[in-house]
Amino acid sequence: MSTRYTEDHEWITVAGDVATVGITTYAQEQLGDVVFVELPEVGRTVSKGDEAAVVESVKAASEVYAPLDGEVVEANSVLADEPGKVNEDPEGAAWFVKIRMSDASQLDDLMDAAAYKAYIETL
Amino acid sequence: MADHADGSLLSTPLTDLHRELGARLVPFAGYEMPVQYPAGIIAEHSHTREKAGLFDVSHMGQAWLIGPDHATTARALEAMVPSDVAVLKPGRQRYTVLLNQEGGIVDDLMVARPQGAENDGRLFLVVNASRKAVDYELIAAGLPGNVRLEPIEDRALIALQGPMAAEVMAAHAPAAADMAFMGVAEMEFDGIAVYVSRSGYTGEDGYEISVPAGAAEPLARALLADERVAPIGLGARDSLRLEAGLCLYGHDLDETTSPVEGAITFVLQKRRKDEANFPGAARILSELAEGPSRVRVGLTLAGRAPAREGAEIRSADGSAIGVLTSGGFAPTLGAPIAMGYVDPAHAGVGTPVKLVVRGRELEANVADMPFVPQRYHRKPSA
C-alpha cells in the first residue's frame, strides 16, 4: 500500500504487518537542524498517541507520537551518530522505528499523500 | 515602530528585508523577528564564527539619558546600578545591571558615554527588548529633575559579528577599524551618520551599529553585499551567546538573581562597593563577603542529548542542587552545553552532576565559561 501520513507529520509505510515510521520533509523543515534523536527500546509496546521518540533541534525538543498500536521491532541506530540525516533524508534513510502492528485497521484513519499535501497547505 | 495596541506584532525597519531573504519570522518580545534564514541555525552559527554575521537587533531599546554634565548624569544612573559610571571616559561603554531594592536584576544593559564636548552629560543606553517598558519606567521614576530619559524610537540597531567583521566594516566606515573593544564613536557609514560600538553578544569581534530607521535597510544591504557577510537569526544568536557564556535576561538572570549569584561581579567596581549606595547593596555586599546561596555555572554534557532550561540539576549522589536556565547544542563544539544555578558547594569546575531530562539522569560536569574562547578586539598596549 502507499505511504500514509498523520496530522503530527509522520509518514508510515507498511510491509506485511510491520509499519516503518519517520517524520516528513515538512516536519524536518519546521524543526530545523536536528542534533539528537531519542528512540524507543526494541520490544516496547506502544499505543497510538504514545510518545515514541524525541527529536531535538538546536532550539527545542519535539515529541514524536506512535501513529499505531504495536510493538517496536527495530529502531534506526544510524540516527544516534548521524541525527542530521533527519534533515537530509527524512522520508528515506532517516526512518525512526519499525512497529509490528496489532491492529492494521488503524491505517484506515491515516491520510494518503494527496490528503496530507492538502492538510499542510492549510497550516 | 509604532506601538500596536491591538496586540499585533511590531516590525523593525528590516522586517521586509528579512522576508525577502527567506527568513522564518517568529514573535519575540512583541516583535516579528527572524529566528533563522534558509541556511539554518548551525550554518548561520558557523558562518558567524568563521566570517561575519549580520543581526537585526532593532527590537532592543535605545535611549538617551540627558543631564547638564557627565558627573550629574552618571550620578543619576549610579543610583540604580552598581557600576562606576562616573569613571567612564568619553568614547567608552560598560556592561551593567539595573537593580531593584532587593539587589535583584531588573535588566542587564550597555551604557556608553559618547565622545565630544557637545555630548557632555549624555549617556547612551541599550536595554533588552523584553524589558524596555519596565526599565524606562524604573529609570524615569528614579531620576532627579535635571536629568531626563529620552527613549529613541527612530533608530534601528544592526550587529555585525565575527572574525571578518572589522575588515568588512572598514570598507564602509574606516574609523571603525581603530576602535578598541567596548569603544563607542559617531562616524559615517557610506555617508550615513551612525553610532558604532565595538561589542556584541557572540564572543567574537564585531560592532553594533545604531542607524536612523530610514537608512537601516541600505546599510544592511551594503553589508550583505559583501560575500563574507550572511544574515543571522535569533536562533544562532542564542547558540552563539550560550557558547560565549553570556547571560540571556529572563532566563539566566531575573529579578530574583543578584550579580553575585549571576557570576557577573565585574559589574561591581571598587568605589561603588566602598560607597555601598546602590539598590540592594546590603544583600550584594553580604553575598560578596560570605558567598551567595546559589551561583551560575556552565555545564558540559557527556552524551549527545541536550538538556534544556528548567531541567533539574542533581549532585553525584542524586540530591537536587539546582536548575538549568539555558541549555542547547553548541555547534562549534558539536556537543550539548548548558548553564544553570547550583548550590556553591557543587560549583567547582569539573564537579560531576546529573541533569534530569524526561525522567532520566544525563551525566554532566561543571565547566569553565566561556565554552568557546572569546575573540574580542584587544588593542596592543602602546
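What follows draws every value from the coordinates through simple rules; no lab data is involved. The structure presented is a predicted model; accordingly, all values stated were derived computationally and were not measured. Cβ: placed from backbone, ideal geometry, glycine included. Neighbour counts: every protein chain shown.
Compute the distance from the alpha-carbon center of the range B:228-301 to that of the range B:147-178, in whole Å.
24 Å
Taking 7 Å along the Cα-to-C-beta vector as the label spot, tell me the B:Ala171-B:Leu288 distance in nanometres, rounded to one decimal.
The two pseudo-label positions are separated by 4.7 nm.
Using only DSSP helix segments of four residues or longer, with each worth -39500 (n - 2.57), what per-residue ellipticity at 222 nm results for chain B after dividing by its residue count and rounding to 500?
Mean residue ellipticity, 222 nm, calculated: -6000 deg cm²/dmol.
When a footprinting reagent is the concern and you count Cβ atoms within 10 Å, what order do B:Ile158, B:Ile192 take, fewest first?
In increasing order of surrounding Cβ atoms, one gets B:Ile192, B:Ile158.
To the nearest 0.05, what FRET efficiency results for A:Ser47 and B:Asp16 with a Förster distance of 45 Å applied to their C-beta separation?
Once the sixth-power term is evaluated, E becomes 0.40.
Taking the Cα centroid of the range A:1-73 and of the range B:340-382, what is the distance between the two, rounded to the nearest whole Å?
Cα centres, the range A:1-73 to the range B:340-382: 33 Å.
Under 10 Å, Cα contacts only: if you run a Gaussian network model on chain B, which one of B:Arg360, B:Arg49, B:Arg131 comes out with the highest mean-square fluctuation?
B:Arg360
Using only alpha carbon pairs under 8 Å that are at least six residues apart, calculate the relative contact order of the range A:4-104 and give it in whole percent.
32 percent
Taking a quarter of the surface of the Cα convex hull of the range B:1-71, what do you get in nm²?
The Cα convex hull of the range B:1-71, projected and averaged over all directions, gives 7.6 nm².
Report the full-extension gain for the segment B:Val87 to B:Glu188: residue separation times 0.36 nm, less the Cα-Cα distance, to one decimal in nm.
Full-extension gain reported as 33.6 nm.
Counting each DSSP H run of 4 or more residues in chain A as -39500 (n - 2.57), what helix-only mean residue ellipticity at 222 nm follows after dividing by all residues, to the nearest 500 deg cm²/dmol?
Using -39500 (n - 2.57) per qualifying helix, the result is -4500 deg cm²/dmol.
Most mobile of B:Arg283, B:Arg155, B:Arg122 per a Gaussian network model of chain B (Cα springs, under 10 Å)?
B:Arg283
Could you give the size of the charge dipole of the protein assembly as shown about its Cα centre, using +1 on the Cβ of each K and R and -1 on the Cβ of each D and E, expressed in debye and rounded to the nearest 20?
1800 debye
Near B:Gly121, within a Cβ-to-Cβ distance under 15 Å, what is the net charge of the other residues, with Lys and Arg +1 and Asp and Glu -1?
So the environment of B:Gly121 carries a net charge of 0.
If you bin every alpha carbon distance in the range B:21-117 into 10 Å steps from zero, what whole percent lands in each bin?
Per 10 Å bin, starting at zero, the Cα-Cα P(r) for the range B:21-117 comes out as 13, 31, 26, 23, 7 percent.
Rounded to the nearest 0.05, what FRET efficiency is calculated for B:Asn365 and B:Arg221 with R0 set to 35 Å and r the Cβ-Cβ distance?
It comes to 0.20.
Within 10 Å of each residue's Cβ, count the other Cβ atoms and sort B:Glu287, A:Glu82 from fewest upward.
A:Glu82, B:Glu287
Lysine pairs in the protein assembly as shown with alpha-carbon atoms under 23 Å apart, 8 or more places apart or on different chains: how many are there?
Close lysine pairs under the 23 Å cut-off: 11.
What FRET efficiency would be calculated for the residue pair B:Glu102, A:Ser77, taking the C-beta separation as r and a Förster radius of 41 Å, to the nearest 0.05?
0.20
Convex hull over the Cα atoms of the range A:4-104, averaged projected area in nm²?
With the hull built on Cα positions only, its mean projection is 5.5 nm².
Considering amide H positions built from the backbone, and no H for Pro or chain starts, which residues 5 or more places from B:Val353, or on another chain, come under 5 Å of its amide H?
Long-range HN contacts for B:Val353: B:Ala364, B:Asn365, B:Val366.
Stokes-Einstein D for chain B at 4 °C, 1.567 mPa s, Kirkwood Rh over Cα pairs, in µm²/s?
Result for D is 60 µm²/s.
For q = 0.22, 0.30 Å⁻¹, what log10 I(q)/I(0) does the range A:1-50 give under the Debye formula with an equal point scatterer on each alpha carbon and no solvent?
After summing over all Cα pairs, the log10 values are -1.03, -1.26.
Suppose a student asked you for the relative contact order of chain B, using Cα pairs under 8 Å spaced at least 6 residues apart; what percent would you report?
It rounds to 17 percent for chain B.
Taking N as the number of residues in the protein assembly as shown, what is its Cα Rg relative to 2.2 N^0.38 Å?
In units of the globular-protein estimate, the protein assembly as shown measures up at 1.08.
Quick one: which of B:132-143, B:208-219 comes out on top by average Cβ neighbours within 10 Å, and what's the full order, highest first?
Ranking the peptides B:132-143, B:208-219 by packing returns B:208-219, B:132-143.
Measure off 7 Å from each Cα along the Cα-to-Cβ vector at B:Thr265 and B:Val26, then give the distance between these two points in nanometres to one decimal.
3.6 nm
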